[in-house]
There are 2 protein chains.
Amino acid sequence: MERKRIAIIGIGLIGGSLALQLNEKGFASKIIGVEASEEHAKKALELGLVDEVLPLDEAIAGADVIFLAIPVDKMVGLLPSILDKVEKQIVIDMGSTKDLLLKAVADHPRRKRYVATHPMWGTEYSGPAAAVKGAFENKAVIFCNESDSDADALAWTRDMYKGIGMHLLSMEAESHDLHAAYVSHISHITSFALANTVLEKEKEDDAIFEMASAGFESTVRLAKSNPAMWVPILMQNKENVLDVLNEHISQLRKFKSCLEKENWDYLSELISGANKIKKIIR
Amino acid sequence: MERKRIAIIGIGLIGGSLALQLNEKGFASKIIGVEASEEHAKKALELGLVDEVLPLDEAIAGADVIFLAIPVDKMVGLLPSILDKVEKQIVIDMGSTKDLLLKAVADHPRRKRYVATHPMWGTEYSGPAAAVKGAFENKAVIFCNESDSDADALAWTRDMYKGIGMHLLSMEAESHDLHAAYVSHISHITSFALANTVLEKEKEDDAIFEMASAGFESTVRLAKSNPAMWVPILMQNKENVLDVLNEHISQLRKFKSCLEKENWDYLSELISGANKIKKIIR
């Protein structure tokens, strides 16, 4: 692939990790960062994630490709005004929700320069210092509403994601948001709620933390995730998340009912049913 | 430490991993396995976890130390009859619940030969093939009701667990079961319920599994855990688990209410609160 001048708006966990991959794979002749936080901008330069940090308009003017890796509420505000300013550039977002965002630019005259993607990778940490080398590798990236993008923009974006080791999926934005509620958003809510359950108890007793095991860590690690990123995701995907959350609470109630009624056979059935998750994760 | 002849009743995930550690640290002159499943017995010999597999009575007679690493319902049935047969041997259980078990042997004439422990380590897999080298290292082990054990039995057991890299905690059985409900048992229930939530959906659509991300895997991996182990744990710890489960459901309802009422400030507060789990897990 021909090297491009790439601007990344938001050099945090996602933008920073992307920068590392683009540099490693030789896809960028230059990486320009745009970053609202001065501290993060400084850190991104210090870590060599970006070659320079520029104001938004200069970054847009000086780039061939523009990535957005900012919280999804900021994305909805910013994407239309970025499209106002582009001509031949490719604009790509990396956000966790899609329906509202795509509706916000549906009628934009430059809509076709924009490619909607959601790389399914992240950690519970945030900021440029959280950027991870080799992130995204062997993970899925979802392309949404592909037919609304120009062929050249789509082709470059597909090649780039393949180049950093991702496998590509394609679906409509509505479908994406529903699935994301199931495989990502609900996991965060259960983890936040589990952390709060245990922290509530801690007021009374410290011993439980000395006992915290690997199983506990695994279920609760997402609870460290940043509210600035997660509140907007849950806001934008409210309806789907509520549906899944209701279903999840009703599944938990089945366990509750088994315990209350001492229905151990049904409890065993519920657990055996859950074991079928083995066919999805190994 | 002087090498001992060690019998391990139940050569599965826990018993098998213990065998590996005892061999590596040179604590055993011989390891005798006792195993109800012929297939597991064969596998344990094949993997070199044990030197021989013997019937229970022969194993007891030929051992200095006897470990129990079987599901907790089997434990309650078996421990009293093992104590019937011991003289100077040390008997140690490695189960996940303690209150019922300790009550079952409270008045046994050989009670003092028995040491109640719960090493806080496990994985979602089971059987001897799931045994892990270096398991238990840097994890906590809880000793329960220590004053009910003979000093020599306690001393050896403490040295052994320290020797395999664990840090020791001590508490009463009732306290242990309450804490275990918070840091281990509830994590399994949320994970089982999350798996069932998603599997319910899968009937309609396969795409969500191609999207399954690392965050999802992390929260759902415990759902692969074995019902033969987990039903008895939840049975024996029913009251505590129900308390924690009710609390957890009420924490989830707070998230639900935020979404329904679009109370984003409170949602942000709930997430920031959950972030405090950082002080416990890094």
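Of note:
- Look at region A:251-268: where a residue is under 23 Å from B:L252 (Cα atoms) and a partner is among the β-branched types (V, I, T), sitting 6+ places away or on another chain with Cβ atoms under 6 Å, you get A:Q251/B:T197; A:L252/B:I249; A:F255/B:I189; A:L267/B:V231.
- Within region B:216-245, the set of residues being within 7 Å of chain A (Cβ to nearest Cβ) and over 23 Å from B:I70 (Cβ atoms) comprises B:F216, B:E217, B:S218, B:T219, B:V220, B:R221, B:L242, B:V244, B:L245.
- Condition check for B:L252: at pLDDT 95 or above and under 24 Å from A:Y182 (Cα atoms): yes
- Any hit, region A:104-120, residues being of a type outside the set (D, E, K, R) and modelled with pLDDT under 95: yes
- Candidate set: region B:246-282, residues that are small (G, A, S) and at the interface with another protein chain (Cβ under 7 Å from one of its Cβ atoms); chosen: the one nearest to the chain's Cα centre (by Cα): B:A274
- Residues (among the hydroxyl-bearing types (S, T, Y) and either touching a His at 6+ places or on another chain (Cβ under 9 Å) or more than 11 Å from every other protein chain (Cβ to nearest Cβ) (or both)) located in region A:130-171: A:S147, A:S149, A:T157, A:Y161
- Some residue of region A:12-19 being closer than 26 Å to A:D73 by Cβ, at pLDDT 95 or above, out of contact with any Cys (no Cβ under 7 Å at 6 or more places or on another chain) and not in a helix (DSSP H, G or I): yes
- Qualifying residue in region B:203-214 (condition: under 17 Å from A:C258 (Cβ atoms), at the interface with chain A (Cβ under 7 Å from one of its Cβ atoms) and in contact with a helix residue (DSSP H, G or I) (Cβ under 7 Å, 6 or more places away or on another chain)): no
- Number of positions in region A:23-53 that are in a helix (DSSP H, G or I), touching a residue at least 60 places away in the same chain (Cβ under 8 Å) and over 15 Å from A:A130 (Cα atoms): 2
- Residues that are farther than 16 Å from A:W121 by Cα and of a type in the set (G, A, S), drawn from region A:11-37: A:G26, A:A28, A:S29, A:G33, A:A36, A:S37
The values are calculated or read from the model by the stated rules, or taken from the named source; none is laboratory data. Just so it is clear, the structure is predicted and the values come from calculations on it, not from any experiment. Every residue, glycine as well, gets a Cβ built from its backbone with ideal geometry; the counts of neighbours run over all protein chains shown.
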